[in-house]
Amino acid sequence: MSTIIAPSILSANFGQLEKDIEMINQSAADWFHVDIMDGVFVPNISFGFPILSILKKKATKPLDVHLMIVQPEKYITSFAEHGASTISVHYEACTHLHRTIHQIKDSGCKAGVAINPHTSISLLEECISDIDMICLMSVNPGFGGQKFIEHTYSKVERLKNLILQKSAPTLIEIDGGVNDVTGPRLVASGADVLVAGNYVFSSSDPIATIANMKK
């Protein structure tokens, strides 16, 4: 399987959002990555359903929705109705993770679980076969443009080994600090999906940047 590229719309220019959405539509990217932040789980607020409604209408590629919010189970159905294809919730925000995973699946979406840099992958061992994708945060969540955390490479390798041991279908997604240096090493370590925000949208030629990532 070729690497899935998911530009993070959080880094788009919201003054020309439709133009940036169309750029992603025309590029070699596979998904739109959509970061939802509530100012409680992470120290930042992003956007909510109005922006998601625009994406649902204009995007021609799947929406990979990453919920960095408390009590995500309250909003699963609404995000599914607003066009999410995959919904990822944070391990750290879920009291009953297994229940939330199946709530996502019952809504018709793929179920993802995100974990912060300090969270051990061993905590997912009991439910990994039910998870469609694990999003490893390679920066502390909340803001774009942060420095990549180097121990992520070994964490990807350990997670890939766990997935293989369990014969699970789970994809590994990396979110944070992905660029032309970290990206190839992450893929070599076992990553399947690369999220890129500033690296794509600050590029002088985002379409070429995405094409190079896809290679």
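The values are calculated or read from the model by the stated rules, or taken from the named source; none is laboratory data. Keep in mind the model is a prediction, meaning the values are calculated, not measured. Here Cβ is always computed from backbone atoms with ideal geometry, including for glycine, and neighbour counts include all displayed protein chains.
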Taking Ile76, is it out of contact with any Leu (no Cβ under 9 Å at 6 or more places or on another chain), buried (at least 20 other Cβ atoms within 10 Å of the Cβ) and either aliphatic (A, V, I, L, M) or over 17 Å from Leu171 (Cβ atoms) (or both)?
no
Quick one: in region 130-170, of everything that is of a type in the set (S, T, N, Q) and either touching a Pro at 6+ places or on another chain (Cβ under 9 Å) or modelled with pLDDT of 95 or more (or both), which residue is surrounded by the most Cβ atoms within 10 Å (Cβ to Cβ)?
Ser138
Cβ contacts < 6 Å: first residue aliphatic (A, V, I, L, M) and modelled with pLDDT of 95 or more, restricted to region 66-79; second residue surrounded by fewer than 22 Cβ atoms within 10 Å (Cβ to Cβ) and not in a loop (DSSP other than H, G, I, E, B), any location; separation 6+ or different chain. Result?
Met68/Met37; Ile69/Asp38; Val70/Ala93; Ile76/Gln103
Which of the numbered conditions does Ala6 fail, given that it passes all the others? Conditions: (1) without any contact (Cβ under 8 Å) to a residue 24 or more places away in the chain; (2) under 19 Å from Asp175 (Cα atoms); (3) of a type outside the set (Val, Ile, Thr).
(1)
From the list Ile87, Ile101, Ile121, pick out the single residue that is under 17 Å from the mean Cα position of the chain (by Cα), buried (at least 21 other Cβ atoms within 10 Å of the Cβ) and modelled with pLDDT of 95 or more.
Ile87
Among Cys94, Cys109, the single one that is in contact with a helix residue (DSSP H, G or I) (Cβ under 6 Å, 6 or more places away or on another chain) and surrounded by fewer than 20 Cβ atoms within 10 Å (Cβ to Cβ) is Cys94
From the list Ser203, Ser129, Ser167, Ser154, which one is within 15 Å of Val113 (Cβ to Cβ) and more than 17 Å from the chain's Cα centre (by Cα)?
Ser129
Report yes if some residue within region 44-56 is more than 15 Å from Asp175 (Cβ to Cβ), in contact (Cβ under 8 Å) with a residue 24 or more places away in the chain, of a type in the set (Lys, Arg) and surrounded by fewer than 16 Cβ atoms within 10 Å (Cβ to Cβ); otherwise report no.
yes
